[in-house]
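Values quoted throughout were computed directly from the atomic coordinates according to the rules given, and no laboratory measurement underlies them. What you see is a predicted model; the values in this text were computed from it and never measured. Here Cβ is always computed from backbone atoms with ideal geometry, including for glycine, and neighbour counts include all displayed protein chains.
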Amino acid sequence: MDYKYAAYRPFAGTIKTLTVKRNALGEFFVFLSCIQEWPDVPARTGKAVGMDFGLKHFLTLDNGRKIDAPMWYKSSLNEIRKANRAVSRCKKGSGNRKRALMHLDRVHEKVANRRKDWFFKLANELTSEYAVICIEDLNLDAMKRLWGRKVSDYAFAEFVSILDWVALKNGCQVIKIDRWAPSSKACHVCGVLTEDTKDLRIRTWTCPACGTVHDRDVNAAINIRNMGLSMLIA
Ligand SMILES: [Zn+2]
């Protein structure tokens, strides 16, 4: 059988692999992986920022700015839940179940595309404002153990990989600090370590040594920036 394809996006470089996939809806997709020469973008100089990932706020910057996931983010999770329930209500092997599964597939795809789009916009904004971005080197497995299923959609890992890529193009450096570094346990003013912040529900705390009142995430972001910058100098 012959197939025609519509290239909705031009490709560049030399094609290395070509994969044809068919989804549950019977639609075909052609995936090309290409090798392309990429000019080295020299690292810019400019402002540095530390960022803390969280469940309450997607990102907290060391200047106190909190970036929340857009409203659709939450509503799309509801949409997925609803589509999931529809599947479980249908009898196994039935035509209804097949249709419900197709719908679930569609919803997943839509949500993934929207999320990716938002990630790219955010990564572009951050990498054009800052020349150096310090983040924690996230271990997804550890996060899942700690936080449960909420992050199992790998959103953080996906964002970091997009950030890495966009930063490379914009001459911005992404510095990842050791995930075991005590970014949320240390007071950024006097350096004392405390176990008081162990509980993730604690949003503000007072340093037992110097008395500074900290916003949990902002303090962590400041520590992440300081640690990242010390790695840059080292
Ligand atoms: Zn202190």
Exercise for review: Under 16 Å Cα to Cα from Lys185, which lysines show up? Leave out anything in the same chain fewer than 8 places away.
Suggested key: Lys198
**Study point:** Residues Arg85, Arg97, Arg115 arranged by fewest to most Cβ contacts within 10 Å
**Key:** Arg85, Arg97, Arg115
Point to revise | Amide H contacts of Cys134 (H built 1.01 Å from N, under 5 Å, at least 5 apart or other chain) | key: Val49, Gly50, Met51, Ile175
Study note, to complete from the structure: Quick note on Glu195, Glu109, ordering by fewest other C-beta atoms within 10 Å, gives Glu195, Glu109
Practice item. Calculate the tail of P(r) for region 14-233: the fraction of all Cα-Cα distances greater than 23 Å, expressed in %. Key: 58
Practice item. Excluding residues fewer than 8 places away in the same chain, name every one of the aspartates and glutamates whose C-alpha is closer than 19 Å to that of Lys98. Key: Glu27, Glu79, Glu109
Exercise for review: Would you mind counting up the charge near Met102? Only other residues with Cβ under 14 Å from its Cβ, with Lys and Arg at +1 and Asp and Glu at -1.
Suggested key: +3
Exercise for review: Add +1 for every Lys or Arg and -1 for every Asp or Glu among the other residues with Cβ under 15 Å from the Cβ of Phe31, and state the total.
Suggested key: +2
Check your understanding: Which of the cysteines in the chain are isolated, no other cysteine C-beta under 4.7 Å?
Key -> Cys34, Cys90, Cys134, Cys172
Study note, to complete from the structure: Surrounding charge for Ser75, neighbours by C-beta under 11 angstrom, Lys/Arg +1, Asp/Glu -1, total +3
Point to revise | Candidates Ala12, Ala69, Ala221: whichever shows maximal mean-square fluctuation once the chain is modelled as a Gaussian network with Cα springs under 10 Å | key: Ala12
Review point. Excluding same-chain residues fewer than 8 positions from Lys169, which lysines have a Cα within less than 29 Å of its Cα?
Key: Lys16, Lys47, Lys66, Lys110, Lys116, Lys121
Review point. In what sequence do Thr17, Thr206, Thr60, Thr197 fall when counting other Cβ within 10 Å, fewest first?
Key: Thr17, Thr206, Thr197, Thr60
Revision key, fill the gap. Rounded to the nearest 5, the percent of DSSP beta bridges in the chain running antiparallel is 70
Study note, to complete from the structure: Hydrophobic long helices for the chain, i.e. whole DSSP H runs reaching 18 angstrom or more by Cα along the axis with Kyte-Doolittle mean at least -0.5, come out as 155-170, 216-233
